[in-house]
Amino acid sequence: MNEQSPKRSAVLPRPSSDAARQVRVGAPAKINLTLRVAARGADGFHRLSTVFHAVRLGDVLHLTDQPGRISVTTRGEYARHVADDETNLAVRAATAVRDRFGSPGLGAHIEIDKSIPVAGGMAGGSADAAAALVGATRLWGLNPSDEELFDLAAALGSDVPFSLLGGTALGAGRGERLEPLECAGRLHWVLAVARRGLSTPTVYGRFDERVAAGTSTPMGDGHTRPTELIDALARGDAETVAALLVNDLQPAALDLYPGLAGTLTAGRDAGALAGLVSGSGPTCVFLCADRSAARQVAGALAAAPEVTVVRTTTGAAPGALASGRAVA
């Protein structure tokens, strides 16, 4: 597997000016088409094998030059769940760019238009961090290499490198080692946002409990490459992709939030090809045959008791590297 950082020249030209007064960058939400999880290692982390898939639902960041200070304001339907302080991943990302590649006098005010559910298993915080990495380098006229930017992303969080890359990719390690995959055509998705969130560490903790009790089987050392799924994605074969969706964390998420089982059943009964919990949950995602089927499934899920918001979307979508652009 190719574990090198993807080359930026393939997705984004270098900026022509040294700096900008304002930058707008978007980054997508992600779905895990497969998520295989090994037992907790001696370092306290779980080794993963996953197929990431970016969808056309994302957050948008606006960065404005503000010398000497980095601050953030979040707006949108999920803003109340996000801290507007130095713990915000976008602030941490911009600060990391300044500390590693810039100078102490640099600063920015970051405005986040928040559309990705918080604590929903769709890497919303990672998307913000990726957008901030790209936005800060443009705002301040910096020019880190691809390898440097992806290394910085991995230090911020395991999902941040994929939020930079976007598209569809095979992830290994903790998810930060990426191999881009071909995804032909367009996959149609319905996202059902749950009434409450789930903490990722709590879900992994419950997974560990299930492994200890023998009710969940962790990924072993002999786990093989998901060749059948990779081939189906390359063909744009949605039905085969649907049959191969899997999430080792789903039983743990259902233990912690039993109402999600009803959401999954409602989506499948409405005509989805398949449904599963996204990542650590609790957002449930449903792959549909086409746009019409997605609308039908979305209509049915709107009445599900544990669903607050339903969205239709498509994938694959570009990452922050491809969507970032400077504006006057």
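The values are calculated or read from the model by the stated rules, or taken from the named source; none is laboratory data. All figures in this text were calculated on a predicted structure; none of them were measured in a lab. Virtual Cβ from ideal backbone geometry, glycine too; neighbours counted across all protein chains shown.
It is to be established whether one or more residues within segment 64-79 are farther than 30 Å from CYS183 by Cβ, part of a helix (DSSP H, G or I) and modelled with pLDDT under 95.
Here is the first cut: in segment 64-79, the residues farther than 30 Å from CYS183 by Cβ are 64-75, 79.
With the extra rule that they be part of a helix (DSSP H, G or I), the set shrinks to 79.
Add one more test, that the residue is modelled with pLDDT under 95, and what stays is 79.
Among the residues of segment 64-79, at least one is farther than 30 Å from CYS183 by Cβ, part of a helix (DSSP H, G or I) and modelled with pLDDT under 95, which makes the answer yes.
With the condition kept exactly as written, say whether any residue in segment 83-94 is surrounded by fewer than 18 Cβ atoms within 10 Å (Cβ to Cβ) and among the aliphatic types (A, V, I, L, M).
Taking every residue of segment 83-94 in turn, at least one turns out to be surrounded by fewer than 18 Cβ atoms within 10 Å (Cβ to Cβ) and among the aliphatic types (A, V, I, L, M).
From the list ALA83, ALA136, ALA119, ALA90, pick out the single residue that is out of contact with any Lys or Arg (no Cβ under 8 Å at 6 or more places or on another chain), among the hydrophobic types (A, V, I, L, M, F, W, C) and touching a residue at least 60 places away in the same chain (Cβ under 8 Å).
Selected residue: ALA119, the only one of ALA83, ALA136, ALA119, ALA90 that is out of contact with any Lys or Arg (no Cβ under 8 Å at 6 or more places or on another chain), among the hydrophobic types (A, V, I, L, M, F, W, C) and touching a residue at least 60 places away in the same chain (Cβ under 8 Å).
Could you pull out the residue among GLY220, GLY259, GLY267, GLY279 that is touching an Asp or Glu at 6+ places or on another chain (Cβ under 6 Å), touching a residue at least 60 places away in the same chain (Cβ under 8 Å) and of a type in the set (Gly, Ala, Ser)?
When all the criteria are applied, what remains is GLY259.
ARG196 passes all but one of (1) free of Cβ contacts under 8 Å to residues at least 60 places away in the same chain; (2) of a type in the set (Lys, Arg); (3) out of contact with any strand residue (DSSP E or B) (no Cβ under 8 Å at 6 or more places or on another chain); which number fails?
Unmet for ARG196, out of (1) free of Cβ contacts under 8 Å to residues at least 60 places away in the same chain; (2) of a type in the set (Lys, Arg); (3) out of contact with any strand residue (DSSP E or B) (no Cβ under 8 Å at 6 or more places or on another chain): (1).
Can you give me the number of residues within segment 157-190 that are at pLDDT 95 or above, over 21 Å from LEU57 (Cβ atoms) and buried (at least 19 other Cβ atoms within 10 Å of the Cβ)?
Of the residues in that region, 1 qualify.
Considering PRO144, PRO180, PRO161, which residue is in contact with an Asp or Glu (Cβ under 8 Å, 6 or more places away or on another chain) and in contact (Cβ under 8 Å) with a residue 40 or more places away in the chain?
PRO161
Within segment 106-115, identify whether any single residue is surrounded by 19 or more Cβ atoms within 10 Å (Cβ to Cβ), of a type in the set (Gly, Ala, Ser), assigned to a loop (DSSP other than H, G, I, E, B) and touching a Ser or Thr at 6+ places or on another chain (Cβ under 9 Å), and answer yes or no.
Yes, segment 106-115 has at least one match.
Would you pick out the residues in segment 269-328 that are charged (D, E, K, R), under 23 Å from THR200 (Cα atoms) and not in a strand (DSSP E or B)?
Within segment 269-328, just GLU306 meets the criteria.
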